[in-house]
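Accompanying notes for the structure given below.
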Amino acid sequence: MAGADYYSVLGVARDASADELKKAYRRKARELHPDQNKDNPNAEAEFKVVNEAYDVLKDPQKKAAYDRFGHEAFTSAGAGSQGPGNFSSAFSDVFEDLFGDIMGGGGRRGAHSQPRGSDLRYDLELDLEQAFSGVNKHRITVPNLVSCDSCNGSGSEGGAMPMTCPTCSGAGSVRAQRGFFAVEQTCPACRGLGKVITNPCGRCGGEGRVKRQQTIDIDIPPGVDSGSRIRLSGRGEAGQRGGQSGDLYVFIGVREHSFFERDGTDLFCAVPVSMTKAALGGEVNIPVIGGGRTKIRIPPGSQSGKRMRLSGKGMPSLRGGSRGTGDLFVELSVETPVNLTEEQIQLLRQFEQLADDNNPREKSFSGKVRSFWKDFKC
């Protein structure tokens, strides 16, 4: 892509605004980032050209030179302009927007910005019924660091503004000579903030935040499952001295149910039925997760393990889509009678004598066993 037109590289018109350029760059950078295209050997080179294009077009002076002289504006024989920049120059402008969540932090921090507060995690257990219907305004209490009321989060007594650090003159870093090399390091006086507090707040000790049990109402959508995560932006720890707050992540856990087992949006339940009802057929009432009950008909001659499906009686889908609700699967478990009376025993023995053709699977199995023994003896 050497010498490629920078406007074509970003896919924008020559009169594109700064906002349009930035959006186009974000889209291209996300599409061509080497970490997302490990199978494409050309991804890194294409990504570099995209960064060069944005580095030139975002700068009014470089853009004007490029519009007039093209790529020659940035060569030794061109108009004397500096080169189009390097990878980090352009990419740093939108790095946080593209990959902030992946990297697990709040993005880069400039010398004068305050540290972002930490993200928090809260584990919340729900009953299956709550997961089915969702919960509006579910109240949780989270131990947190919140902005100090006494200093309005500034860290200074009475809310006064911090003063520029005299050690680094507000740069947030200082240079130290190490032999032939000059090393830049975080300013020890202001810890890289560029500001210092001369009169710390008596309540928060200059931090701008205090510990407090914070009560938060959250809406839990229907269909959540164990492992579902709800992100509450800005409800994590407050940043130091007015810095941006972190996020609160609520991780959902759904307790086991006494009657239903869950698999995604489908529910399963085992229903015991008597031997006579399984043989003669009948009806049985079962509960449904949404409340109430429904009646199912058991066909005559049903066996243990027979499964019946009740469409739309399962869990709602968290993301909706074409399959809004799962199904309920009822599995029959034929129960052998116990604690028989003498009269019941006699009746069953009479039935056994008359039941030669009523148990085809048992008869087939017995035939296979006799055949096996016969072949074995040979």
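Taken together, the values in this text are just the output of simple stated rules run on the coordinates, not laboratory data. Quick caveat: nothing in here was measured; it's all calculated off a predicted structure. Neighbour counts run over all protein chains shown; Cβ positions are idealised from the backbone, glycine included.
Does segment 124-186 come out rounded, prolate or oblate by the C-alpha gyration tensor, with a ≥ b ≥ c the root eigenvalues, rounded set by a/c under 1.5 and, if not, prolate when a/b is larger than b/c and oblate if not? Note, shape of segment 124-186 comes out oblate. Look at the alpha carbon pairs under 8 Å that are at least 6 residues apart: their mean separation over the length of segment 220-353 gives a relative contact order of 22 percent.
I'd like the per residue volume of the convex hull spanned by the Cα atoms of segment 284-337, given in cubic angstrom.
Convex hull volume per residue, Cα atoms: 99 Å³.
Summary of packing: across the peptides 210-219, 48-57, 246-255, the per-residue average of other C-beta atoms within 10 Å ranks them, highest first, as 48-57, 246-255, 210-219. With contacts defined as alpha carbon pairs under 8 Å and 6 or more residues apart, what's the relative contact order of segment 126-191 in percent? About 16 percent, as a whole number. Separation of the alpha carbons by more than 22 angstrom is noted, of Lys23/Lys62; Lys306/Lys374; Lys23/Lys48; Lys277/Lys368; Lys137/Lys313, for Lys306/Lys374; Lys277/Lys368; Lys137/Lys313.
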